[in-house]
Structures are given as structure tokens and as C-alpha cells.
Amino acid sequence: MTYISNTGLLIAGGSKTVTICGSFKYTSEMFFEYEKLSLEGNVVLLPVFKTDEDADRSEREEYILDWLHQKKIRMSDFIYVVNPGGYHGMNTQMEIDYASMNDIPVVFMEPTTVSF
């Protein structure tokens with residue numbers, strides 16, 4: 001399991017593929033980091049955001065989106081955890097664990113303050 005903090009290491013050696021992970025309550029921060037990482041020369045993958053907050057997704061739709069997000073993680077050179085204030089929740093921890101189980105390095109936006 002590799003944990004790296006600080007974005008200074010991200011593009012040494014050229015373009016990387018990175019998947020952004022984090023809570024949807026940090027959507028604006030995710031888009032800010034998406035732009036920053038892209039401008040550093042990285043290929044950046046995002047989870048699918050709801051376009052209508054009031055619309056419910058079916059169980060099948062949720063399964064498909066979870067599967068696609070896991071595929072994005074497996075395709076990545078690293079995942080980038082958007083964690084303002086160092087916090088991330090249980091779902092993000094599952095993404096971190098999934099990446100770690102697949103030997104995908106984890107980069108945190110800020111040093112993590114969470115231990116599960």
C-alpha cells in the first residue's frame with residue numbers, strides 16, 4: 001500500500017492517468033482539482049455526478065456506475081483523494097482500500113486526519 005501526499009510528485013516523468021475520489025459534498029473542490037491536475041498534464045478521470053439531485057438511480061444504474069468507477073481506478077497510475085481539511089468518509093475509504101488492493105498509489109489533496 002503506497003500513500004503519497006503532496007501533488008509535487010504527480011507529473012515527474014510525464015503524463016499520468018489519475019482518478020479523482022472523494023465525497024460528492026466536495027464537488028466544487030473535485031472540479032478545481034480536476035482542472036489543476038489536467039493543467040499539469042495528467043489525464044484525469046472523475047466519478048459520474050448526478051445532473052438532477054432529486055432523481056433517484058435504480059439499483060442497476062448504481063451497480064453500473066460503481067463498476068465503471070472501479071474500472072477507472074484500475075486504469076489509473078494513481079488515485080487522487082479530494083479531502084478538504086484532511087477528512088474523508090467511509091465510501092472514500094473503500095475507494096482507497098480498493099486502489100491499495102490493486103497496487104494503485106493513493107495521493108491525498110491534504111494530509112489525512114482519518115483512521116478507520
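The range 3-82 holds strands (runs of 3 or more DSSP E) entirely within its bounds, and those carrying 1 or more residues that are over 17 Å from D103 (Cα atoms) and at pLDDT 95 or above map to 43-45.
One residue stands out among those in the range 73-116 that are in contact (Cβ under 8 Å) with a residue 12 or more places away in the chain, over 18 Å from Y34 (Cα atoms) and hydroxyl-bearing (S, T, Y): the one that is surrounded by the fewest Cβ atoms within 10 Å (Cβ to Cβ), which is T113. Checking each residue of the range 88-100 against the condition of being over 11 Å from the mean Cα position of the chain (by Cα), farther than 14 Å from M30 by Cβ, of a type in the set (G, A, S) and at pLDDT 95 or above gives at least one match.
Between residues in the range 16-40 that are free of Cβ contacts under 8 Å to residues at least 40 places away in the same chain and residues that are of a type in the set (S, T, N, Q), which pairs lie under 8 Å by C-beta distance while being six or more apart or on different chains? What qualifies is K36/T7; E40/T7.
Within the range 54-70, residues that are in contact (Cβ under 8 Å) with a residue 24 or more places away in the chain reach partners that are surrounded by 10 or more Cβ atoms within 10 Å (Cβ to Cβ) and part of a helix (DSSP H, G or I) with beta carbons closer than 8 Å, at six or more positions or on different chains, in the pairs H69/E95; Q70/Y98.
The values are calculated or read from the model by the stated rules, or taken from the named source; none is laboratory data. Keep in mind the model is a prediction, meaning the values are calculated, not measured. Cβ atoms come from the backbone with ideal geometry, glycine included; neighbour counts cover every protein chain shown.
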